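Take a look at the structure below.
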Amino acid sequence: MGDLADLFRVLFGKRFPFKFVYSKDYWMVDVGKHVFPLQKYRIIYENLLMMGARKDRFFRSRAATDEEVLLVHTPKYLKRLREAALSRAELQALEMRFSPELVRFARLAVGGTILTARKALEDGLAVHIGGGFHHAFPDHGEGFCVLNDVAVAAAKMIAEKRVRKVMIVDMDVHHGNGTAAAFAGREEVFTFSVHQMDVYPSDKPSGSLDVGLWSGDGDDPYLGAVRAHVPRIFEEFGPGLVLYLAGADPYEKDQLGGLKLTKEGLKERDKIVIGSARARGIPVAVVLAGGYAPDIEDTVDIHLNTVRVAQRVQRVHS
Ligand SMILES: [Zn+2]
């Protein structure tokens with residue numbers, strides 16, 4: 001079986017015209033019994049190998065440095081994380097068991113999204129089998145998110161003058177509250193969020209453009225909004241990089257979302273976002289973000305569909 005998989009890899013090694021970023025440490029952290037399926041990272045990685053992705057297409061995340069984290073987060077918050085000195089309210093808001101390992105996981109995710117952004121700028125597209133922790137604010141974490149990998153990666157690419165403007169396209173079912181707060185008043189970062197109104201987070205600080213949908217809306221209003229806005233804002237804002245949170249949680253069976261999108265609808269969403277960016281020569285860094293279907297195979301399938309869409313688009317535009 002192993003030999004057959006190797007043969008496939010040799011035969012179809014060029015199947016993925018872009019790089020992946022991943023770390024096996026993503027699923028090693030012990031968060032206890034939790035709705036967040038950390039093992040999805042491993043299953044997706046293994047599936048990609050079975051689909052013919054060569055191991056040398058995967059780049060390992062390294063933990064973000066303090067300097068990188070501080071591009072977005074406050075020194076006081078970082079100090080509290082380092083010293084495991086979060087208040088009871090902060091621990092509650094995190095909704096995840098706190099540990100030094102969880103902080104390391106968060107730092108790895110930040111480093112991973114930075115690396116994915118770099119690879120996307122080199123090749124036009126890259127996929128992080130991780131990341132998308134958009135509920136982390138500069139001064140606190142919440143909703144399973146300790147550090148905001150996407151915000152730090154955007155700030156880092158601008159700080160290094162690799163790009164002048166970044167657009168964050170956030171299609172996780174939950175509003176990207178931490179990201180919106182991080183970039184309020186910063187004109188070089190455009191934050192676009194399509195999310196469900198009647199779920200967490202109750203406070204949704206305004207981003208550059210927010211589309212709020214309601215429980216049960218389904219494919220049509222969602223895709224209508226994506227079609228109406230995505231190509232237009234790419235044209236108008238002209239980002240040098242798109243960071244795309246391809247959340248699997250708008251899915252109809254999701255336990256934490258109720259937008260009721262079908263898998264076909266989610267594929268169409270990916271096609272519009274990735275296709276519209278690449279057709280304009282805009283590099284895209286994809287991160288996975290949330291996904292809480294009762295059957296983890298559904299979450300994995302949706303994320304793999306995003307990779308398949310990326311594959312098809314990138315074959316045309318690489
Ligand atoms: Zn979510």
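The values are calculated or read from the model by the stated rules, or taken from the named source; none is laboratory data. This structure is a prediction, so every number in the text was calculated from the model and none was measured. Because the Cβ atoms are built from the backbone with ideal geometry, glycine has one as well, and the counts that use them run over all protein chains shown.
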Apart from one, (1) surrounded by fewer than 19 Cβ atoms within 10 Å (Cβ to Cβ); (2) in contact with a helix residue (DSSP H, G or I) (Cβ under 9 Å, 6 or more places away or on another chain); (3) free of Cβ contacts under 8 Å to residues at least 60 places away in the same chain all hold for Val194; the odd one out is (1)
Criterion: over 17 Å from Lys253 (Cα atoms), over 19 Å from the mean Cα position of the chain (by Cα) and at pLDDT below 95 - qualifying residue of Ser206, Ser202 = Ser202
For segment 138-166, name all the residues that are more than 13 Å from the chain's Cα centre (by Cα) and closer than 22 Å to Arg269 by Cα.
-> Val166
Scan Gly265, Gly218 and give me the residue that is touching a residue at least 12 places away in the same chain (Cβ under 8 Å) and surrounded by fewer than 18 Cβ atoms within 10 Å (Cβ to Cβ).
-> Gly218
Sort out which residues of segment 146-161 are hydrophobic (A, V, I, L, M, F, W, C), touching a residue at least 40 places away in the same chain (Cβ under 8 Å) and surrounded by fewer than 24 Cβ atoms within 10 Å (Cβ to Cβ), and write them in order of number.
-> Ala155, Ala159
Of the residues in segment 91-115, how many are surrounded by 17 or more Cβ atoms within 10 Å (Cβ to Cβ) and farther than 20 Å from Ala151 by Cα?
-> 1
Within segment 63-120, residues being under 12 Å from Asp139 (Cα atoms) and polar (S, T, N, Q) number 1
What residue, of Arg118, Arg164, Arg186, is free of Cβ contacts under 8 Å to residues at least 24 places away in the same chain and more than 14 Å from the ligand (Cβ to nearest atom)?
-> Arg186
Candidate set: segment 121-145, residues that are closer than 26 Å to Ile43 by Cβ, outside any loop (DSSP other than H, G, I, E, B) and touching a strand residue (DSSP E or B) at 6+ places or on another chain (Cβ under 8 Å); chosen: the one farthest from the ligand (Cβ to nearest atom) = Asp123
Would you point out the residue of segment 250-267, among those that are more than 11 Å from the ligand (Cβ to nearest atom) and of a type in the set (D, E, K, R), that is nearest to the chain's Cα centre (by Cα)?
-> Lys267
Go through the residues of segment 147-156 one by one and say whether even a single one is over 14 Å from Val21 (Cα atoms), in contact with a Pro (Cβ under 9 Å, 6 or more places away or on another chain) and either at pLDDT 95 or above or not in a loop (DSSP other than H, G, I, E, B) (or both).
-> yes
Please tell me if Asp123 is at pLDDT 95 or above, under 30 Å from Arg312 (Cα atoms), among the charged types (D, E, K, R) and surrounded by 22 or more Cβ atoms within 10 Å (Cβ to Cβ).
-> no
Can you pull out the residues in segment 236-251 that are in contact (Cβ under 8 Å) with a residue 24 or more places away in the chain and not aliphatic (A, V, I, L, M)?
-> Phe237, Gly238, Pro239, Gly240, Tyr244, Gly247, Asp249, Pro250, Tyr251
Kindly check whether there is at least one residue in segment 217-227 that is in contact with a helix residue (DSSP H, G or I) (Cβ under 9 Å, 6 or more places away or on another chain) and either within 16 Å of the ligand (Cβ to nearest atom) or assigned to a strand (DSSP E or B) (or both).
-> yes
Given the conditions (1) within 13 Å of the ligand (Cβ to nearest atom); (2) surrounded by fewer than 24 Cβ atoms within 10 Å (Cβ to Cβ), which single one is not true for Gly247?
-> (2)
Answer residue from segment 269-318, given it is over 16 Å from the mean Cα position of the chain (by Cα), part of a loop (DSSP other than H, G, I, E, B) and within 16 Å of the ligand (Cβ to nearest atom) and is surrounded by the fewest Cβ atoms within 10 Å (Cβ to Cβ) among those | Pro294
